[in-house]
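One structure is given here, and the rest of the page talks about it.
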Amino acid sequence: MTFGEQPAYLRVAGDLRQKIVSGSLPPHTRLPSQARIREEYGVSDTVALEARKVLMAEGLVEGRSGSGTYVRERPVPRSIARSGFRPSGGATPFRQEQADGDARGTWESRSEQAAAGGAIAERLSIKPGDRVMCTRYVFREAGEAMMLSTSWEPLAVTGRTPVMLPEEGPLGGMGVVERMAAIDVIVDNVTEEVGARPGLAEELLALGGVPGHVVLVVQRTFYASGRPVETADVVVPADRYRVAYHLPVK
């Protein structure tokens, strides 16, 4: 095979990718061995190895210890709701979805006081080292981890109040807007920035991904009269989910 200006390993990876996408190499099929790739494409072992690494980084194939490299089952992406409004019940978008009788979602959380690091302090307009309540969530669907979330709330706002712990008390789990309103803090704005990056090792371990997999990160901040009162990072596996926004028209 004659290759043009594009690096040989990308040409090989592109041809194998096309076979996977078209179904010529269906899910659970063993990827051609390194020796087979070398012979079929007339490339070196190094090129064959790099092509396989590209496909693994893209999440198209996975290595099985002692067995080889296989085409992965390609999941059909599902939507995770983000909403610009709340119904009268005040539940978060995930809890709204799980109110459906067919839904099988669960979640777990853990809260602890911490000192705000530089980046979080900047997002909350507080000083580094100021105390915050940090809450970590794992959301599951039918037992499978689908989303991670870490939130930070300045204890200067919620400390020594009934809503200091987001998931406990009479308003536990009701969402930031409703909890803050209970202590006379009126949330009037929320921003969300969506980006993508390779998942951290601990994130991929929790979400069932492999090194190199990409995650979507939603950086959310709630404001009351211009003052940040909560900020959070929501992490979603990009190959399995899409973030869907439902925003009201004014």
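The values are calculated or read from the model by the stated rules, or taken from the named source; none is laboratory data. Nothing here was measured: the structure is a model prediction, and the numbers come from that model. Cβ sites come from the backbone with ideal geometry, for glycine too, and all protein chains shown count toward neighbours. For accessibility, only protein heavy atoms count, side chains too; no ligands or nucleic acids. Shrake-Rupley method; radii C 1.70, N 1.55, O 1.52, S 1.80 Å.
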Of the residues in region 53-93, those that are outside any strand (DSSP E or B), modelled with pLDDT of 65 or more and aliphatic (A, V, I, L, M) come to VAL54, LEU55, MET56, ALA57, LEU60, VAL76
Next on the checklist: Just checking, does region 217-232 include any residue being open to solvent by 30 Å² or more (accessible area, probe 1.4 Å), hydroxyl-bearing (Ser, Thr, Tyr) and over 16 Å from GLU192 (Cα atoms)?
Outcome noted: yes
Given the structure, is ALA145 in contact with a helix residue (DSSP H, G or I) (Cβ under 6 Å, 6 or more places away or on another chain), closer than 25 Å to ILE80 by Cβ and modelled with pLDDT under 95? yes
Checked pairs for region 202-219, first more than 15 Å from GLU58 (Cβ to Cβ), second among the polar types (S, T, N, Q), C-beta under 8 Å and 6 or more apart or across chains, list as GLN219/THR231
| task | Inspect all residues belonging to region 202-212 and state whether any of them is surrounded by fewer than 17 Cβ atoms within 10 Å (Cβ to Cβ) and at pLDDT 95 or above. | result | no
Within region 160-194, restricting to residues that are in a helix (DSSP H, G or I) and charged (D, E, K, R), the one that is surrounded by the most Cβ atoms within 10 Å (Cβ to Cβ) is ARG179
Taking region 1-51 and keeping only residues that are among the hydroxyl-bearing types (Ser, Thr, Tyr) and buried (at least 18 other Cβ atoms within 10 Å of the Cβ), one is left with TYR9, TYR41
Conditions (1) touching a residue at least 24 places away in the same chain (Cβ under 8 Å); (2) open to solvent by less than 50 Å² (accessible area, probe 1.4 Å); (3) not acidic (Asp, Glu) -> ARG78 fails only (2)
Looking across region 102-113 at residues that are farther than 25 Å from TYR245 by Cβ and loosely packed, with under 15 Cβ neighbours inside 10 Å, the single one that is modelled with the lowest pLDDT is GLU108
Can you spot a residue in region 156-170 that is closer than 17 Å to ALA232 by Cβ, without any contact (Cβ under 8 Å) to a residue 24 or more places away in the chain and in contact with a helix residue (DSSP H, G or I) (Cβ under 9 Å, 6 or more places away or on another chain)? yes
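So in region 33-85, with the set limited to residues that are β-branched (Val, Ile, Thr) and over 29 Å from the mean Cα position of the chain (by Cα), which one is farthest from VAL234 (Cα to Cα)? Reasoning before the result, please.
To start, the set of residues in region 33-85 that are β-branched (Val, Ile, Thr) comprises 37, 43, 46-47, 54, 61, 69, 71, 76, 80.
Still in the running and over 29 Å from the mean Cα position of the chain (by Cα): 37, 43, 46-47.
Details: ILE37: 40, VAL43: 42, THR46: 38, VAL47: 37 Å.
Within region 33-85, the match that is farthest from VAL234 (Cα to Cα) is VAL43.
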For region 151-159, check the following and say yes or no: at least one residue is in a loop (DSSP other than H, G, I, E, B) and open to solvent by 20 Å² or more (accessible area, probe 1.4 Å).
yes
Inside region 5-43, the number of residues satisfying the requirement of being under 23 Å from ARG64 (Cα atoms) and in a loop (DSSP other than H, G, I, E, B) is 10
ILE120 meets each of (1) buried (at least 18 other Cβ atoms within 10 Å of the Cβ); (2) in a strand (DSSP E or B); (3) within 22 Å of the chain's Cα centre (by Cα) with one exception, condition (2)
